[in-house]
Amino acid sequence: MKLDFSLPCITPQMTDAVVHSLLVAEGQQLAVGHALMELTVDLSAVFVHDCPPISYYRVASRETVWLRNLSITQGDKAVVGQLLARFTTTPDEPANGDSARQLRVTIAGVMRQESQLW
Amino acid sequence: MVTVDLPLGPLSASGFTVQRSGIRWRVPDGHRCRAGEVVAFCNIGLSAVPSQRQARRPFHEEFRDLQVTFAPTVAGTLRRHPDASLGGFLDQLHNYHFWNETDVVAALEVEDGQTSERPAWRLGFNAGLRMTDLAEDRSGLLTGWHLRARAWQGELAQPATVLSLGICEQDGIFRGESNAFLDLMETGPDALQVVHHTDRGLVPAAAVLSDQLRRNAAANTAISADLAQGFLGSSLTPTPEDWIFAGCALTALTRSPLTEEYDLLTRQGLTTAKPQAVVLSIHSEPAMVLRHRKFGYRAAWHRFRIQMAGPAVREWLQTSFDRVIRTPEDILQDLLSLRQAIAERGIDHMLVLNAMSSSGHENIVSYAPFSGALGDVVSTIRAKELNLMLHDLAAKSDIAIVDADAIAAYLGGAAHLPDGVHQSRRLQDELRAEILHILKQRGLFGQPDAVQNTSAVPQFR
């Protein structure tokens, strides 16, 4: 079964996100709970804000899947709904064609110690 | 219907002449006023009488942004005197009128027999300490860029003083929609002063505040010299943003908000006051603070502010400071130390706002994707740990928790606190009411009420 992961609307006001880090590689098998990527959501793009509402999220798979294709690279900005990756539930089935549904994921807000301050 | 003139009433300061600007109206002529609604303001100033010219000048740091507000003591229809306001600079600068208690700037139309009390003005005062004297904005009520802004009720001699030291989440709670503390002054007790320090120059983490308390003038001079040497010794040319950031940082670093004394002018005359209660925020306690390598003092600035400063600031921070990672236990110790230090200085009450610890934007079904200590990675776990730490802190001390987490959850976090920090007006009103309730219960305003709370939110204490 083919599953897509498109950038979800994590907060109602967001229109896009930056892929801060990619934690998977094409061809990789992902167990349930495997982290996919970390996203930076900056709502300053939506409304001018003196104290920018920037938050970070980690996305993890809730299914056992194989990553067949990545449509983005680290540092890219994606808009809500943009296709980011294609997965399949078996390693050798054809990866092209329409997907059955979206990959089920877990999303959590995270902190970034290493990038704090500058 | 009876029309009653509203004279200014008495306002004097021994040894000084009180001057004022023209009146600036906040409501139109014919406005139906609530009792206690601030409808006008003017700028005021104190001129020493010749025999007193050597005396200390009250409000010497705030004299350019010193204002008085006017609120009718009873409800009625306002009738503005046509000559009370001439507009322009005449309503902004205090040099053009002397305060004369019989001057009538408006009248109030009230119903016959509406009240036995003769309508009069209830005075309030605002004072702003500019971040730099250059930051001038006299366009409105307490407008401008202030390191410190405060407001106090003007009818009683010695108001209780509450000091707000937090990040932007406290701006709206204390300064309100008007940005001039009107919500607090209109709903709070009759004898109240509120002082708000901005976090633009320095984030008021407990460790930072404690170090400010301990520093003397010589230490502050050394800090200034060190920053100057850092800039001048660098190969980078500081940009205007660098200089402005550095100026604001030095302004904040070389003061101690917890030891400041405030001049007060009320209908009873001139007096001074010190803070009796301080309100902090757990949001002011970052996971990392900076510690100066040479002098050992701690400092914290918002990351986005550092990023908006120039390269010279970033180089100074990188070369002069170490990063210190702090656990919730570290923060607890910092808060306890601060509590002890301010208690020795007569500040009897310390409140800390906790953090919203859940997020409607998450759908965590497993913590397997997160390695290491969850509190170091997942922001809602960190918030929960900090909130639990505050409970431990409250059990060990007399520090009170303002349960912003529970109040926001009750009202609905998605609607009223969508990013966990910036509140809706409704949430700010509730947090303001909660803070006043806690302070009332602790006796800051005299006898605590038996059970009285203007908040509609269930009490979770």
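The values are calculated or read from the model by the stated rules, or taken from the named source; none is laboratory data. What you are looking at is a predicted structure, and each value in this text was computed from that prediction instead of being measured. Cβ coordinates were reconstructed from backbone atoms using ideal geometry, including for glycine residues, and neighbour counts include every protein chain displayed. Surface accessibility is based on the protein's heavy atoms, side chains included, excluding ligands, DNA and RNA. Shrake-Rupley method; radii C 1.70, N 1.55, O 1.52, S 1.80 Å.
For chain B, what is the calculated [θ] at 222 nm in deg cm²/dmol (nearest 500), taking -39500 (n - 2.57) for each run of four or more DSSP H residues and dividing by its residue count? Provide the component values of the computation, followed by the final result.
Details: 12 runs with 128 residues, N = 461.
Dividing the helical sum by the residues of chain B leaves -8500 deg cm²/dmol.
Please work out the Cα center distance from region B:1-67 to region B:416-449, rounded to the nearest Å.
Cα centroid of region B:1-67 versus Cα centroid of region B:416-449: 29 Å apart.
How large is ³J(HN,Hα), in whole Hz, for each residue of region B:248-265 in order, when computed from phi with the Karplus curve 6.51 cos²θ - 1.76 cosθ + 1.60 and θ = phi - 60°, using x for Gly and Pro?
5, 5, 5, 4, 6, 5, 8, 10, 10, x, 7, 10, 6, 10, 10, 6, 10, 10
Work out from phi, with θ = phi - 60° and the Karplus expression 6.51 cos²θ - 1.76 cosθ + 1.60, the ³J(HN,Hα) of each residue of region A:103-109, listed in order in whole Hz, and give x for Gly and Pro.
Whole-Hz 3J(HN,Hα) from phi for region A:103-109: 5, 7, 10, 9, 10, 9, x.
What angle, in degrees between 0 and 90 and rounded to the nearest 10, separates the Cα long axis of helix B:379-396 from the longest principal axis of the Cα atoms of chain B?
Roughly 70 degrees between the two axes.
Need one number for the protein assembly as shown: average projected area of the convex hull over its C-alpha atoms, nm².
Working: hull surface 126.3 nm².
For the protein assembly as shown, the mean projected area of the Cα convex hull comes to 31.6 nm².
Which pairs break 30 Å Cα to Cα here: B:Lys274/B:Lys440; A:Lys77/B:Lys294; B:Lys274/B:Lys396?
A:Lys77/B:Lys294
Ratio of alpha-carbon Rg to the 2.2 N^0.38 Å globular estimate for region B:170-231, to two decimals, please.
Values: Rg = 16.8 Å, N = 62, 2.2 N^0.38 = 10.6 Å.
Taking N as the residue count of region B:170-231, the ratio is 1.59.
Return the single residue from A:Pro12, A:Pro94, A:Pro53 with maximal mean-square fluctuation; model: Gaussian network over chain A, springs between Cα atoms under 10 Å.
Highest fluctuation among the options: A:Pro12.
Expressed as an acute angle from 0 to 90° and rounded to the nearest 10, what is the orientation of the C-alpha long axis of helix B:425-441 relative to the principal long axis of chain B?
90 degrees
Return the whole-Å distance between the Cα centroid of region B:204-252 and the Cα centroid of region B:315-370.
What the calculation gives is 22 Å, centre to centre.
Tell me, what ³J(HN,Hα) does each residue in region B:122-128 have, in order and in whole Hz, if you take phi through Karplus 6.51 cos²θ - 1.76 cosθ + 1.60 with θ = phi - 60° and put x for Gly and Pro?
9, 8, x, 10, 10, 9, x
Could you pull out every residue, at least 5 positions away or on a different chain, whose amide H is within less than 5 Å of the one on A:Gln82? Hs are placed 1.01 Å off N in the peptide plane, and Pro or chain starts have none.
When sequence neighbours closer than 5 places are left aside, the close amide H contacts are A:Leu7.
For Cα pairs less than 8 Å apart in space and 6+ apart in sequence, what is the mean separation divided by the residue count of region A:2-110, i.e. the relative contact order in percent?
39 percent
Can you sort B:Cys33, A:Cys9 by 1.4 Å-probe accessible area, starting with the largest?
Of B:Cys33, A:Cys9, the descending order of accessible area is A:Cys9, B:Cys33.
If you line up the long axis of helix B:217-232 against the longest principal axis of chain B, both from Cα atoms, how many degrees apart are they, to the nearest 10?
70 degrees
Once the cut-off is 41 Å, how many percent of the Cα-Cα pairs in chain B end up in the long-distance tail?
Across chain B, Cα pairs with separations above 41 Å total 23 percent.
What are the residues whose amide H is under 5 Å from the amide H of B:Ile364, where those residues sit 5 or more places off or on another chain and H is modelled from the backbone?
The list, which skips near neighbours in sequence, is A:Ile107.
Please sort by residue number the trypsin sites (Lys or Arg not before Pro) in region B:83-157 whose DSSP state is loop and whose Cβ has at most 13 other Cβ atoms within 10 Å. Please list the in-between numbers first.
On the way: sites: B:Arg122, B:Arg130, B:Arg138, B:Arg148, B:Arg150; in loops: B:Arg138.
For trypsin sites (Lys or Arg not before Pro) across region B:83-157 that sit outside H, G, I, E and B with at most 13 neighbouring Cβ atoms in 10 Å, the list is empty.
Only Cα pairs under 8 Å and at least 6 apart count here; give the relative contact order of chain B as a rounded whole percent.
Once divided by the residue count of chain B, the mean separation gives 13 percent.
For the protein assembly as shown, what proportion of DSSP beta bridges, expressed in % and rounded to the nearest 5, is antiparallel?
Values: 89 of 108 bridges.
The answer is about 80 percent antiparallel.
Got a sec? Which residues in region B:142-185 would a label at B:Asp348 touch, if it sits 7 Å along Cα→Cβ and we count backbone N under 15 Å?
In region B:142-185, the label zone of B:Asp348 (backbone N under 15 Å from the point 7 Å along Cα→Cβ) covers B:158-163.
In nm, give the distance between the simple-model label positions of B:Thr259 and B:Ile325, each being 7 Å from the Cα along the Cα-to-Cβ direction.
Placing both labels 7 Å beyond Cα along the Cβ direction yields 3.4 nm.
Multiply the residue separation of B:Ser235 and B:Val2 by 0.36 nm, subtract the distance between their alpha-carbon atoms, and state the gained length in nm to one decimal.
Residue separation times 0.36 nm, minus the Cα-Cα distance, leaves 76.5 nm.
Would you calculate the convex hull of the Cα atoms in region B:135-282 and tell me its volume per residue in Å³?
Given the Cα convex hull of region B:135-282, per-residue volume reads 135 Å³.
Calculate the spin-label point distance for B:Phe98 paired with A:Val79, positioning each point 7 Å from the Cα along the beta-carbon direction, and give it in nanometres.
Simple spin-label model gives 6.9 nm for this pair.
Under a 5 Å amide H to amide H cut-off, with H placed in plane at 1.01 Å, what residues pair with B:Leu163 once short-range neighbours are removed?
It is B:Val195, B:Gln276, B:Ala277, B:Val278, B:Val279, by chain and number.
Taking the Cβ of B:Gln153 as the center, what net charge do the other residues with Cβ under 13 Å away carry, scoring Lys and Arg +1 and Asp and Glu -1? Show your work: numbers first, answer last.
Numbers: positive: B:Arg122, B:Arg150, B:Arg267; negative: B:Glu155, B:Glu186, B:Asp190.
With Lys, Arg at +1 and Asp, Glu at -1, the neighbours total 0.
Order B:Trp99, B:Trp243 by their accessible area, 1.4 angstrom probe, all chains in place, largest first.
My answer, sorted largest first, is B:Trp243, B:Trp99.
Using a cut-off of 20 Å between alpha-carbon atoms, which aspartates and glutamates can reach A:Lys2, once sequence neighbours fewer than 8 places away in the same chain are excluded?
A:Glu26, A:Glu63, A:Asp92, A:Glu93, A:Asp98
What longest range of chain B stays clear of loop-exposed GluC sites (Glu not before Pro) (DSSP non-H/G/I/E/B, at most 14 other C-beta within 10 angstrom)?
B:345-461
Run the quick spin-label model on B:Ala225 and B:Thr187: label points 7 Å from Cα toward the beta carbon, then report their separation in nm to one decimal.
Computed distance between label sites B:Ala225 and B:Thr187 equals 5.0 nm.
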